[in-house]
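Presented below is the structure to which this report refers.
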Amino acid sequence: SDHQLEYPESPDAMDWAELYPAYVDGATGKMTQEVTIADIGCGFGGLMVDLSPEFPKDLILGMEIRVQVTNYVEDRIIALRNNNLGSTEHNYQNINVLRANAMKFLPNFFKRGQLSKMFFCFPDPHFKQRKHKARIITNTLLSEYAYVLREGGTVYTITDVEDLHHWMVKHLTEHPLFERLDGEWEAQDKCVSIMRNATEEGKKVERKRGDKFVACFKRLPSPQLS
Ligand code: SAM
């Protein structure tokens, strides 16, 4: 249950400095960068750990609703930072996790057009028909995702549940602000291969030799109001 969760009144009310202390300007105390990549329902954080060195100039945020899982990811990131303290290569300062219900108040966390990438990796399938409204991809939520994503930004989805794959593709394709990217695009995009292999759920599916269904979508420009 998420009734004890707190939400910032607005993105500016968030204490981003606490999550990314290396990105605070010493003179002004202000953040030098904003989060641009979000991993929705990040689970144990494997995706962020692999994305981190690939996108050293981006701030990456995992959102996870389960307390214990969030705590685990926090500890994991602290350990990664400590183990790479003196590293001139990479020290994982650009990733962190927030306990949050990503299906609620996302625009309280991110400004309009702030994100360049959003990941939905192996979301909970909610198999039963009457539970479908609990799925993380719905028409209403897609409009929120479109709001926080910049034009040209990307939504990544992957699942081992074929029915959920078709559901996500249907809803994203039908939405006026998203357009599916083709297989050729997927083949050249480094995030697609990271997403296939980095997450804990993806590894589990690999061990069971299950299928992985990928679909990626581009955020289209909002229609001009005249
Ligand atoms: N993405 C991870 C991976 O691929 O290994 C985790 C996949 S797991 C099947 C789905 C995760 O989404 C769970 O950790 C669950 O707690 C989280 N989750 C479900 N609903 C959520 C919500 N509304 N907001 C944030 N996280 C959520």
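No lab work stands behind these numbers, since they all come straight from the coordinates. Computed from a predicted model, the values in this text were never measured in an experiment. So basically every Cβ, Gly included, is an ideal-geometry build from the backbone, and we count neighbours across all protein chains shown.
Summary of computed values
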quantity: Long-range neighbours under 7 Å by Cβ, at least six apart or interchain, first residue without any contact (Cβ under 8 Å) to a residue 24 or more places away in the chain within region 17-35, second surrounded by 10 or more Cβ atoms within 10 Å (Cβ to Cβ) and among the charged types (D, E, K, R); calculated: T32/D25
quantity: Wholly enclosed strands (runs of 3 or more DSSP E) of region 116-226 bearing at least 1 residues touching a Gly at 6+ places or on another chain (Cβ under 8 Å); calculated: 149-159, 213-219
quantity: Pair list, Cβ under 9 Å, 6 or more apart: region 61-89 residue closer than 20 Å to L106 by Cα and more than 12 Å from the ligand (Cβ to nearest atom), other residue assigned to a helix (DSSP H, G or I) and of a type in the set (S, T, Y); calculated: none
quantity: Single unsatisfied condition, R219 versus (1) surrounded by fewer than 16 Cβ atoms within 10 Å (Cβ to Cβ); (2) within 18 Å of the chain's Cα centre (by Cα); calculated: (1)
quantity: Residue identified as near the ligand (Cβ under 10 Å from one of its atoms), touching a strand residue (DSSP E or B) at 6+ places or on another chain (Cβ under 8 Å) and under 28 Å from E206 (Cα atoms) among F55, F122; calculated: F122
quantity: Any hit, region 153-166, residues being closer than 14 Å to L115 by Cβ, touching a Lys or Arg at 6+ places or on another chain (Cβ under 6 Å) and either surrounded by 12 or more Cβ atoms within 10 Å (Cβ to Cβ) or in contact (Cβ under 8 Å) with a residue 24 or more places away in the chain (or both); calculated: yes
quantity: Lone unmet requirement of (1) within 13 Å of M118 (Cβ to Cβ); (2) in contact (Cβ under 8 Å) with a residue 60 or more places away in the chain for A198; calculated: (1)
quantity: Failed item, numbered, when E9 is tested on (1) part of a helix (DSSP H, G or I); (2) more than 14 Å from the ligand (Cβ to nearest atom); (3) of a type in the set (D, E); calculated: (1)
quantity: Subset of region 94-108 that is within 14 Å of G62 (Cα to Cα), touching a Ser or Thr at 6+ places or on another chain (Cβ under 9 Å) and not aliphatic (A, V, I, L, M) - its residue that is farthest from the ligand (Cβ to nearest atom); calculated: N94
quantity: Looking only at region 111-147, and only at residues there that are hydrophobic (A, V, I, L, M, F, W, C) and surrounded by fewer than 14 Cβ atoms within 10 Å (Cβ to Cβ), the one that is farthest from E54 (Cα to Cα); calculated: F127
